[in-house]
Amino acid sequence: MNHQKLIYIHPVPVRIWHWINAVSFIVLIITGIQIRYAETLEFMTLSSAISIHNYVGFAAIANYFIWFAYYLGTGKIKIYIPDLRNVVAMAIKQAQYYGYGFFVGKPNPHVMTPENKFNALQQQAYLVIMMVLLPAQMISGLFLWKVKGYEEYVMLLGGIKIIDTIHVLIFFFFTSFIFIHCYLATLGHTPLAHFKAMFTGYEEHHD
């Protein structure tokens, strides 16, 4: 018999942060595409795209610091830190599940709990995203927003072309990441189970 139980995994602050972040990313990607390809696309004016991009960018930065303060203050930041003793073996198992096991009905090797929320692949990916790529994107965005004001730092890092290249490359990464993230989110007990959990806070566990 298949027994189902609900586990409270995603507290309210995490869910609010997640959806603000998701909407911000989508708006930043859309306006970023308009800014980058202004000569060939025009689904909004360039000035509107720049204004929206800047305002939403600052909202995303504020949201990031709220996330950081919450996870650091509650001690939950440790869920992002992989266990170096078994991270490689667990990452391989998780990759095998995503690539093959899921499609033949094998159970997920990772059992989600409030203290062990992410699998080994998620931990490594989110650690790099939250501690390296997001800060790099925010800093490069600030430098592009006010080049003259940050000219000393821009030149120290190699000039505006280097800053712009970093910003665009990370932009392409996050655009791809959203599609991958949404796909992997469908690999729950049902295709919408993980999406539902990010609204309710409860993940379904099936024995």
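The accessible area of K106, taken with all protein chains in place and a 1.4 Å probe, comes to roughly 120 Å². Which of the lysines could a cross-linker bridge to K196, judged by Cα under 28 Å and excluding same-chain residues fewer than eight apart? Cross-link targets: K5, K76, K78, K93, K106, K117. Sorted largest first, the principal axis extents computed over the alpha-carbon atoms of the stretch 68-207 equal 59, 33, 33 Å.
Could you work out the helix-only [θ] at 222 nm for the chain, with each DSSP H run of four or more residues adding -39,500 (n - 2.57) and the total divided by the number of residues, to the nearest 500 deg cm²/dmol? Display every interim value, and only then the final one.
Numbers: 8 runs with 128 residues, N = 207.
It comes out at -20500 deg cm²/dmol, rounded to the nearest 500.
Using 7 Å Cα-to-Cβ label points, what is the L46/Y98 separation (nm, one decimal)? Label at L46, label at Y98, 3.8 nm between them.
Comparing L142, L156, L134 in a Gaussian network model of the chain, where Cα atoms under 10 Å apart are tied by springs, the biggest mean-square fluctuation is seen for L156. Among K148, K117, K78, the largest mean-square fluctuation in a Gaussian network model of the chain (Cα springs under 10 Å) belongs to K148. For the stretch 1-102, the list of chymotrypsin sites (Phe, Trp or Tyr not before Pro) that fall in a loop by DSSP and count at most 10 other C-beta atoms within 10 angstrom reads Y37, F43, Y100. This model, with +1 at the C-beta of Lys and Arg and -1 at the C-beta of Asp and Glu, gives the stretch 25-145 a dipole about its Cα centre of some 480 debye.
Across the chain, the longest run free of exposed loop sites, meaning GluC sites (Glu not before Pro) lying outside DSSP classes H, G, I, E and B with no more than 14 other Cβ atoms within 10 Å, spans 116-207. Estimated at 0.36 nm per residue, the fully extended path between Q4 and H181 surpasses their Cα-Cα distance by 61.2 nm.
The values are calculated or read from the model by the stated rules, or taken from the named source; none is laboratory data. Nothing here was measured: the structure is a model prediction, and the numbers come from that model. So basically every Cβ, Gly included, is an ideal-geometry build from the backbone, and we count neighbours across all protein chains shown. The protein model used for the area step is the full one, side chains on, heavy atoms only, and it has no ligands, DNA or RNA in it. Shrake-Rupley method; radii C 1.70, N 1.55, O 1.52, S 1.80 Å.
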